1. Residues K204, K219, K176: which one is surrounded by fewer than 14 Cβ atoms within 10 Å (Cβ to Cβ), in contact (Cβ under 8 Å) with a residue 24 or more places away in the chain and assigned to a helix (DSSP H, G or I)?
2. Can you confirm whether the range 252-268 contains a residue that is open to solvent by 50 Å² or more (accessible area, probe 1.4 Å), polar (S, T, N, Q) and more than 24 Å from G90 (Cα to Cα)?
3. Go through the residues of the range 154-161 one by one and say whether even a single one is assigned to a helix (DSSP H, G or I), under 18 Å from H10 (Cβ atoms) and polar (S, T, N, Q).
4. I'd like to check something: does the range 15-29 contain any residue that is within 17 Å of A128 (Cβ to Cβ), in a strand (DSSP E or B), of a type outside the set (S, T, Y) and at pLDDT 95 or above?
5. Is there a residue in the range 74-85 that is among the aromatic types (F, W, Y), touching a Phe, Trp or Tyr at 6+ places or on another chain (Cβ under 6 Å) and more than 22 Å from A21 (Cα to Cα)?
6. Report whether or not I210 is in contact with a Ser or Thr (Cβ under 6 Å, 6 or more places away or on another chain), surrounded by fewer than 19 Cβ atoms within 10 Å (Cβ to Cβ) and at negative phi.
7. What pairs can you find where one residue is in the range 75-93 and under 30 Å from A190 (Cβ atoms) and touching a residue at least 24 places away in the same chain (Cβ under 8 Å), the other is open to solvent by 10 Å² or more (accessible area, probe 1.4 Å) and in a loop (DSSP other than H, G, I, E, B), and their Cβ atoms are less than 6 Å apart, with a gap of 6+ or different chains?
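The values are calculated or read from the model by the stated rules, or taken from the named source; none is laboratory data. None of the values given here were measured: they were computed from a predicted structure. Don't worry about glycine lacking a Cβ; one is built from the backbone with ideal geometry, like all the others, and counts go over all protein chains shown. Note: areas computed on protein heavy atoms with side chains; ligands, DNA, RNA excluded. Shrake-Rupley method; radii C 1.70, N 1.55, O 1.52, S 1.80 Å.
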Amino acid sequence: MEVSEFADLHLDHFDTTRAEAVWLRIGDQRDPREAPFYYQAIRTAAVEAYSVPFSQLAPWLGPMPSTPILIFSIGRCGSTLFSQIAKVAGVATWSEPDTFTNLASDKNLRQDPDLRLRLARVALNDLAWKAQAEGGQRYFAVKLRSRVTHLCETLSSLNPDSKSLFIVREPVGWAKSFGQHFGADPRVLANNLSRMVSDIRKAKAGGLGIRVIDYADMKDRPGELCLELSGLSGKPFDQDELDAVMASDPQAGTTISREAGKELPPDFVPTFLKCLEERDPTLLQTPPSMWI
């Protein structure tokens with residue numbers, strides 16, 4: 001078995017009950033990375049599934065031929081927009097491959113950290129080899145869901161040259177966005193925000209080099225960010241294309257687009273602020289870019 005045989009397949013998930021990794025072949029010829037969420041695109045277009053036993057994943061356990069840019073976030077903070085900017089900059093980018101969410105939430109993997117580490121290497125290497133096949137790209141980006149944030153040290157450790165980013169947002173706007181689109185309890189949101197930031201702080205204290213990007217700064221100065229990413233890809237970016245991305249909703253056509261959402265109860269924000277003040281007042285007293 002060779003990694004090259006899977007060049008046109010898409011790694012969908014790890015089935016720990018059956019001890020198999022599952023790839024999908026899609027019938028749609030459009031690049032699923034162009035969709036807001038990669039995992040949704042490949043499942044919608046899937047025509048065949050291929051499973052590989054965990055015992056036969058050795059070809060994906062070697063060194064990575066391309067270096068990952070790992071995009072962690074608190075969610076509802078412009079991480080999808082960041083992935084679109086990275087694409088404009090010429091970086092091969094995957095927005096929310098479900099394998100990483102799988103690694104973060106599967107109870108069997110939480111109980112077996114060694115297996116989780118091996119499967120994390122498989123998931124990253126699958127993308128690294130695909131990026132390498134696209135003209136030998138030196139870097140590739142993976143935008144991860146917020147529930148993956150606590151795995152920042154694990155994922156970053158798999159490649160010593162990996163770049164880790166943490167995207168954040170002003171807390172009230174963040175909480176309102178979550179509440180409007182997911183109906184989240186403000187008390188739960190305060191706990192979640194505190195925990196995610198705490199996870200990143202601990203990782204940084206442990207030696208992880210991580211860069212914080214504030215959503216507001218990303219919106220105000222997208223050209224600077226795109227130019228920086230373009231330096232990694234070695235490809236010039238098109239300003240008109242960047243302008244089009246900034247003028248559009250990166251999650252348009254999904255259930256969490258800007259037009260979607262519901263009205264919040266009047267006590268939502270006060271409850272959130274009270275709980276966050278109790279959990280970690282520095283998140284209200286400090287600009288997001290300085291949280292860690």
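1. Values: K204 fails: surrounded by fewer than 14 Cβ atoms within 10 Å (Cβ to Cβ); K176 fails: surrounded by fewer than 14 Cβ atoms within 10 Å (Cβ to Cβ).
That would be K219, the only listed residue that is surrounded by fewer than 14 Cβ atoms within 10 Å (Cβ to Cβ), in contact (Cβ under 8 Å) with a residue 24 or more places away in the chain and assigned to a helix (DSSP H, G or I).
2. Yes - at least one qualifying residue is present in the range 252-268.
3. Initial filter on the range 154-161 (assigned to a helix (DSSP H, G or I)): 154-156.
Filter again for under 18 Å from H10 (Cβ atoms), leaving none.
No; the residues of the range 154-161 include none that is assigned to a helix (DSSP H, G or I), under 18 Å from H10 (Cβ atoms) and polar (S, T, N, Q).
4. Applying the first criterion (within 17 Å of A128 (Cβ to Cβ)) to the range 15-29 yields 21, 23.
Retained after the next criterion (residues that are in a strand (DSSP E or B)): 21, 23.
Checking the rest, the ones that are also of a type outside the set (S, T, Y) come to 21, 23.
Within this subset, residues satisfying the condition of being at pLDDT 95 or above are 21, 23.
Yes, the range 15-29 contains at least one residue that is within 17 Å of A128 (Cβ to Cβ), in a strand (DSSP E or B), of a type outside the set (S, T, Y) and at pLDDT 95 or above.
5. Narrowing the range 74-85 to residues among the aromatic types (F, W, Y): 82.
Those left that are additionally touching a Phe, Trp or Tyr at 6+ places or on another chain (Cβ under 6 Å): none.
No, the range 74-85 has no match at all.
6. In short, yes.
7. C77/R169; T80/P36; T80/P250; T80/Q251; L81/P250; Q84/P250
Yes/no matrix, rows are residues, columns are (1) among the basic types (K, R); (2) in contact with a helix residue (DSSP H, G or I) (Cβ under 7 Å, 6 or more places away or on another chain):
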| residue | (1), (2) |
| --- | --- |
| D112 | no, no |
| W129 | no, yes |
| R145 | yes, yes |
| L155 | no, yes |
| V168 | no, yes |
